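Chemist: Okay, handing you the structure first.
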Amino acid sequence: MNKLISILLAFIIFFAPFAIGTVAAWSEFVLRISILAIFFLFVIKSVKGGVLEYKTGALNVFFTVFILYMAFQVLFKTSILPRYTTNALEITVIYFMLYFVVAGMVKKEEDVHNIISRITITGFLVSALGIVQFLTKTDKIYWIRPVRSGSFFGPFVNENHFACYISMAALVTLGGIVSSVRKWKRIPPDMPFKYMVLNVFENILNEKTLFKILAFAVMAASLFLSKSRSGMVFFLASMAFFILFAASGKNTKKIVWIALLGILASILLLDRIGVDTAVSRLGSVFKSGEYEGRLTLYMQGLKILTDYPLFGTGIGTFANIFPIYQFGSELLYYMHLHNDILQLLIEAGVIGFIIISMPFLAFIMKFISRLAGASDTYKYCVGLSILASLFYLSLHSLTDFSMRLNAISSLFVILTAVSTPLLDPGGKRELHIKGKIAKPLLYTALTVVFISFLFLASRPFIITLLCEKGQSDLSFRLAMRLDPKNDAVYFDYCGFILDKLGRKEIKEQDAYETAIKALDKAIQLNPYKTKYLTAKGEICSRRHDYGRAFDLLRKAALMEPDNSKINLIYSYMIFWKAVNEIDASERERLLTLGLAYYKRATALSKHIHLYMIINDKGDYQLLKSILKDIGIDIE
């Protein structure tokens with residue numbers, strides 16, 4: 001069973017980055033099922049042995065507090081959307097399972113070495129893929145998968161996420177390289193420089209660390225080729241952190257030498273592949289105006305915090321609430337704030353942020369303390385490399401949403417799990433399982449928990465299949481039954497009904513009634529999504545129920561005043577209401593108001609026009625003619 005657990009962990013390490021960062025529903029499903037499998041195999045093995053061992057420490061407290069705080073937000077309804085916080089809670093529990101297993105697996109130096117080696121090999125292969133794609137100038141991931149937007153590199157859709165993953169893997173690889181210094185022949189302080197260099201190379205070849213040096217060089221070179229500015233800057237800062245910290249410890253001369261040698265190898269490889277692009281990209285970091293958009297985004301996010309200061313909006317709710325606070329947008333919807341730390345503050349609130357961050361800060365302080373007092377060179381080097389990786393991740397989290405990516409989250413959990421027993425081998429407790437009834441009860445409880453989490457882990461993937469692949473009334477009804485509080489399912493069902501109407505497979509009256517019922521349910525479940533209000537308003541206008549449509553669009557426009565599409569549709573509703581208005585003064589007021597919203601919509605987006613939202617071209621020509629007669633040109 002130990003071998004099966006080890007194989008599953010190797011699969012998780014390899015699969016997470018190569019499955020395009022594990023962002024799709026199918027890849028998330030595979031990752032979660034793999035974690036569940038490895039956790040329950042590990043627990044069953046322990047129960048069979050009669051002793052369940054688990055690690056103690058600040059990071060256990062961190063996970064426990066994080067999970068309990070999300071449960072508090074759900075149970076006491078401090079979350080604006082408890083369902084989304086529940087989803088985040090489920091994911092966190094699954095990652096805690098991964099941490100529990102990895103921390104329990106590491107019992108000796110060989111276990112640490114095996115995990116670090118797998119991360120090194122995976123990082124090397126991911127980087128090699130990125131370099132080959134760069135040299136072949138392909139515009140598709142794996143040469144087959146087109147990318148909708150952004151600059152991809154390697155198997156990652158976003159070059160910044162590639163840079164984050166590879167930087168962490170490279171720093172851990174560097175720790176594996178320098179850890180071999182304990183077996184090196186001693187370098188006399190008076191040895192001439194050229195013999196010192198020869199001694200270093202001799203030790204490298206003797207210790208078979210040449211592949212690790214090559215892997216580090218390939219990873220570092222691919223990082224710079226990815227053109228991620230934040231990735232390059234933070235990697236250099238983390239390397240400086242590694243060298244400076246190492247300079248204050250033991251075996252400093254050897255450690256610093258091998259670190260500098262790794263940097264030199266990276267520079268030489270980068271020079272052979274193409275350094276000009278990387279240097280020019282790095283030089284653009286300090287250009288004025290480069291990060292103005294990101295800072296504006298943060299200021300908009302902070303407005304949410306002023307309305308929900310104490311307990312936040314709820315973990316996992318940012319994407320739903322942010323559009324209401326967003327201004328100056330050209331139909332850009334942000335799923336994340338591009339700052340993990342600030343987003344956590346917004347979702348958890350000031351009280352929650354302090355409660356959650358304190359155990360993690362305690363873990364870091366204990367980590368540094370243990371590292372400074374480590375007498376074993378191997379523990380020191382590997383521990384330092386993990387600390388440098390966490391330092392990099394903390395910097396990168398200030399400018400991106402790296403921790404929202406499963407590939408990076410799983411790597412973070414594995415590294416922190418390795419560090420716990422590595423630097424604190426005595427920090428563990430044992431639960432002895434005694435009695436004839438104890439084991440059957442535990443097996444029964446494990447079976448119930450496993451089936452429950454299996455359902456929760458597979459539900460998003462099954463719903464995606466039903467809604468995207470099924471495309472039938474039955475598939476949507478099954479999806480609603482599986483997750484009755486999923487507002488997106490009802491919205492997608494509305495779209496499916498309207499598509500059926502377009503193909504004339506359903507009567508118009510039946511289609512509109514069914515679509516409105518679905519949207520009413522979606523709005524009830526998630527009143528913060530203005531696109532639900534907008535969609536309902538458009539359907540009402542198709543039914544010539546302009547009064548109701550007008551009210552819905554007015555509400556949407558007040559909630560999201562800088563959404564160009566909402567402003568455009570609302571102006572259309574106002575124009576029609578003005579055309580049918582009998583009172584002259586009221587008609588004049590409505591026309592002025594409609595024109596103001598129309599101008600606002602076109603100012604927010606230059607690529608938007610009324611004819612894009614009016615299905616009946618006859619209606620468009622009629623409205624255009626009426627407005628032109630009274631001096632309003634909508635061309």
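Chemist: Taking all protein chains together and a probe of 1.4 Å, list Thr416, Thr602 from the most accessible to the least accessible.
Modeler: On the way: Thr416 0, Thr602 45 Å².
Sorted by accessible area, descending: Thr602, Thr416.
Chemist: Still on this structure: Assuming R0 = 25 Å, can you tell me the calculated FRET efficiency for the pair Lys140 and Ala319, based on Cβ-Cβ distance, to the nearest 0.05? Let's see the in-between values first.
Modeler: Numbers: r = 27 Å, r/R0 = 1.09.
Here the calculated transfer efficiency is 0.40.
Chemist: Take the Cβ-Cβ distance between Leu244 and Ile355 as r, set R0 to 30 Å, and report the resulting FRET efficiency rounded to the nearest 0.05.
Modeler: 0.40
Chemist: OK, next. Rg and Dmax in Å for region 1-116, alpha carbons only: what are they?
Modeler: Answer for region 1-116, Rg first and Dmax second: 15.9, 47 Å.
Chemist: When the solvent-accessible surface of protein heavy atoms is calculated with a 1.4 angstrom probe, in what order do Ser625, Ser409 fall, highest first?
Modeler: Details: Ser625 60, Ser409 10 Å².
The most accessible residue leads, giving Ser625, Ser409.
Chemist: Separate question: Along the positive direction of the dipole of region 427-544 (beta-carbon charges: Lys, Arg +1; Asp, Glu -1; about the Cα centre), which of Met480, Gly495, Pro460 reaches farthest?
Modeler: Result: Pro460, furthest along the dipole toward the positive end.
Chemist: Follow-up. With the cut-off at 22 Å, tell me which of the pairs Lys507/Lys531; Lys507/Lys565; Lys565/Lys599 have Cα atoms farther apart than that.
Modeler: Lys507/Lys531; Lys507/Lys565
Chemist: Got a number for carbon plus sulfur as a percent of region 1-83's accessible area, 1.4 Å probe?
Modeler: Roughly 74 percent of what the probe reaches on region 1-83 is carbon or sulfur.
Chemist: Also: Please work out, to two decimal places, the log10 of the ratio I(q)/I(0) at q = 0.28 Å⁻¹ from a Debye calculation in which every Cα of region 322-387 carries one identical scatterer.
Modeler: Log-scaled intensity ratios, in q order: -1.12.
Chemist: By per-residue mean of other Cβ atoms within 10 Å, what is the highest-first order of 365-378, 109-122, 83-96?
Modeler: Highest-to-lowest ranking by the protection proxy: 83-96, 109-122, 365-378.
Chemist: By accessible area of protein heavy atoms, probe 1.4 Å, what ranking do Asp562, Asp307 get, highest first? List each step's numbers first, then the result.
Modeler: Details: Asp562 20, Asp307 90 Å².
Sorted by accessible area, descending: Asp307, Asp562.
Chemist: Using alpha-carbon positions, what is the distance between the centroids of region 340-395 and region 510-580, in Å?
Modeler: After rounding, the separation between the Cα centres reads 47 Å.
Chemist: Hey, another quick one. Subtracting the Cα-Cα distance from 0.36 nm times the residue separation, let me have the gained length for Leu210 to Ile462 in nm, one decimal.
Modeler: 86.2 nm
Chemist: Would you check the accessible area of Ser151, probe 1.4 Å, heavy atoms only, in square angstrom rounded to 10?
Modeler: The accessible area comes out at roughly 70 Å².
Chemist: By how many nm would the segment from Lys48 to Met299 grow when fully extended, if each residue of separation counts as 0.36 nm and the alpha-carbon distance is taken off?
Modeler: Roughly 84.9 nm would be gained on extension.
Chemist: Give the distance, in whole Å, between the Cα centre of region 223-242 and the Cα centre of region 76-140.
Modeler: Region 223-242 and region 76-140 have Cα centres spaced 20 Å from each other.
Chemist: For Lys439 and Val23 in the same chain, what is the full-extension length gain: residue separation times 0.36 nm, less their Cα-Cα distance, in nm?
Modeler: Between Lys439 and Val23, full extension yields an extra 146.0 nm.
Chemist: Given labels modelled 7 Å from the Cα in the Cβ direction, how far is it in nm from Leu474 to Ser117?
Modeler: Placing both labels 7 Å along Cα→Cβ, they lie 5.2 nm apart.
The values are calculated or read from the model by the stated rules, or taken from the named source; none is laboratory data. This is a predicted model, so every value here is computed, not measured. All Cβ positions, even for glycine, are placed from backbone atoms using ideal geometry, and neighbour counts span all protein chains on display. Quick note on the areas: whole protein, heavy atoms, side chains included, nothing else; ligands and nucleic acids left out. Shrake-Rupley method; radii C 1.70, N 1.55, O 1.52, S 1.80 Å.
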